[in-house]
1. In the set 162, 149, which member is in contact (Cβ under 8 Å) with a residue 24 or more places away in the chain and out of contact with any strand residue (DSSP E or B) (no Cβ under 9 Å at 6 or more places or on another chain)?
2. From the list 105, 114, which one is of a type outside the set (Phe, Trp, Tyr) and either in a helix (DSSP H, G or I) or surrounded by fewer than 19 Cβ atoms within 10 Å (Cβ to Cβ) (or both)?
3. In the stretch 206-223, which residue that is touching a helix residue (DSSP H, G or I) at 6+ places or on another chain (Cβ under 7 Å) and at pLDDT 90 or above is most open to solvent (accessible area, probe 1.4 Å)?
4. Going by what's in this entry, would residue 198 be described as at pLDDT below 90 and closer than 24 Å to residue 135 by Cβ?
5. Starting from residues that are of a type in the set (Gly, Ala, Ser) and under 20 Å from residue 106 (Cβ atoms), keep the ones in the stretch 131-176 and report whichever is surrounded by the fewest Cβ atoms within 10 Å (Cβ to Cβ).
6. Would you check which residues across the stretch 68-83 are open to solvent by less than 70 Å² (accessible area, probe 1.4 Å) and touching a Pro at 6+ places or on another chain (Cβ under 8 Å) and list them?
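The values are calculated or read from the model by the stated rules, or taken from the named source; none is laboratory data. Just so you know, these numbers come straight off a predicted model, no measurement behind them. Using ideal geometry, Cβ is built from the backbone for each residue, glycine included, and neighbour counts are taken over all protein chains shown. The accessibility values were calculated without ligands, DNA or RNA, using every heavy atom of the protein model including side chains. Shrake-Rupley method; radii C 1.70, N 1.55, O 1.52, S 1.80 Å.
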Amino acid sequence: MQIFFIGSQAPGLSEATISATPEIALSSEDYQFDANTKIQRTASFEQNLIEAVQAKPAVEIENHKNEQEPLKFHFAEHEVLFDLASLAQQDEAAFEELKRLLADIMVNPIKVTIGSKDQSQLLLFKNLELDFLAYKELSERLEMLAKLDHETESQKALAQQDRDRIRTVIASLHARLERGQETVLGGTALKSLDLNRKDFELELDSLFTSVGFDSDMPVTGAT
């Protein structure tokens, strides 16, 4: 899996091509704080942390040659495919499948990997006794949302109003993940977002209704 960080963007997310970087897997057992390497938390050092985290590369997304190609999402060792074009069929089943995908992105366990470009941030987080793995997990979920947002914006089979509604939902979830990252940077322990699947699906139902999607107003095709 290719990994990168995502900066604050709302609601649209930038477009480019994913850069391949070497990766190494890191488990929670491997990630231990070493008191001998801890450095003093001065104001200037914490400012360096903020600058290092904010200096993230631009989000880069692979351009699909075939607009009908299903999107691929990986959770642990499992691959999930989703075809955005199916939403243009005005089929409630496709609408529900989108909500399941969003729940997967926000809740399903994922495998956290660390690229070679992440090593300086890893050391910085370790020195401040901040949980880099939790931060990185949220970053990977942000990456998936960015991918879905980009493809939604590019999906011409959908009416503009439907693309806007879906992207508004994505932007809301994006903001929630970024708040989680801010919690980690504040030194508070965070186990992902600690979301219960069924409770979150109810939240998604409410969120979709709030932007204009409900059982009486199915996703529509482009006109």
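1. Going through 162, 149 in turn, the sole match is 149.
2. 105
3. Residue satisfying both the conditions and the ranking: 207.
4. Details: at pLDDT below 90: yes; closer than 24 Å to residue 135 by Cβ: no.
Judged against the criteria, residue 198 is not a match.
5. Filtering the stretch 131-176 for residues that are of a type in the set (Gly, Ala, Ser) and under 20 Å from residue 106 (Cβ atoms), the one surrounded by the fewest Cβ atoms within 10 Å (Cβ to Cβ) comes out as 175.
6. Taking the stretch 68-83 and keeping what is open to solvent by less than 70 Å² (accessible area, probe 1.4 Å), we get 70-71, 73, 75-76, 80, 82-83.
Passing the criteria: 75, 76, 82, 83.
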